[in-house]
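What follows is one structure encoded as structure tokens, with my remarks underneath.
The values are calculated or read from the model by the stated rules, or taken from the named source; none is laboratory data. Nothing here was measured: the structure is a model prediction, and the numbers come from that model. A quick note on method: Cβ atoms are made from the backbone with ideal geometry, for glycine too, and the neighbour counts reach across all protein chains shown.
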Amino acid sequence: MACNLRLQDMQGTGRIRWAVEADVPAVMELIRELAEYERALDQVNISEATLLLDGFGPNPAYGLMVLEPEDRDEIVGIALFYQKYSTWNGRCLYLEDLVVTKSQRGKGYGLQLFAALAEETRKRGCAYMQWQVLDWNESAIGFYKALGSAVESDWLNGRLQGEALEALAQKAG
């Protein structure tokens, strides 16, 4: 599938940079905004302190790019990702969240962030980048497909957490 969205077609452009510790409160607000949109605000169990430790401590668990409009110092978008490994393909980049605040959507910021992440994927020598999208989020699905992305439904997500995780972990010890 050919890409029919181009960076030249963006209405506005922003500055993309690597996040710093001082950005964490704004990042947390965008995480909450996304969770509310996805009807899962009650499932946000992370704190700013955890984001700081996990992203800026001695062993960062994630990478984080932020986007600011050219005309002001305000974070309006983020791309939070981490590297994973595929036994079939080697290094891969996993996009956990791509968020542009609601009032700033439609200005090309999501495309700009996604393109920057594609470049980071390439720089790291990763075979591909991967992400999940909710099956009801038609605007996001359309965005990804317009870029030539495959949006597949062949795999089901698995998760072990809470009491079930604790019970199984105890069997190992």
Counting only residues that are part of a strand (DSSP E or B), out of contact with any Asp or Glu (no Cβ under 6 Å at 6 or more places or on another chain) and closer than 19 Å to residue 25 by Cβ, segment 69-93 contains a total of 4
Evaluate segment 103-121: report whether one residue or more is hydrophobic (A, V, I, L, M, F, W, C), over 20 Å from residue 146 (Cα atoms) and more than 11 Å from the chain's Cα centre (by Cα).
-> no
Which of the residues spanning segment 18-68 are within 28 Å of residue 161 (Cβ to Cβ), of a type in the set (Gly, Ala, Ser) and part of a helix (DSSP H, G or I)?
-> 26, 35, 49, 55
Only unsatisfied item for residue 132, checking (1) over 23 Å from residue 18 (Cβ atoms); (2) loosely packed, with under 10 Cβ neighbours inside 10 Å; (3) under 18 Å from the mean Cα position of the chain (by Cα), is (2)
Residue in segment 41-72 that is farthest from the chain's Cα centre (by Cα), counting only those that are β-branched (Val, Ile, Thr) and over 25 Å from residue 111 (Cα atoms) | 50
Are there any pairs, at least 6 apart or on different chains, whose C-beta atoms fall under 7 Å, with the first in segment 85-113 and under 16 Å from residue 133 (Cα atoms) and the second modelled with pLDDT under 95 and among the aliphatic types (A, V, I, L, M), and if so, which?
-> 111/5; 111/7; 111/10
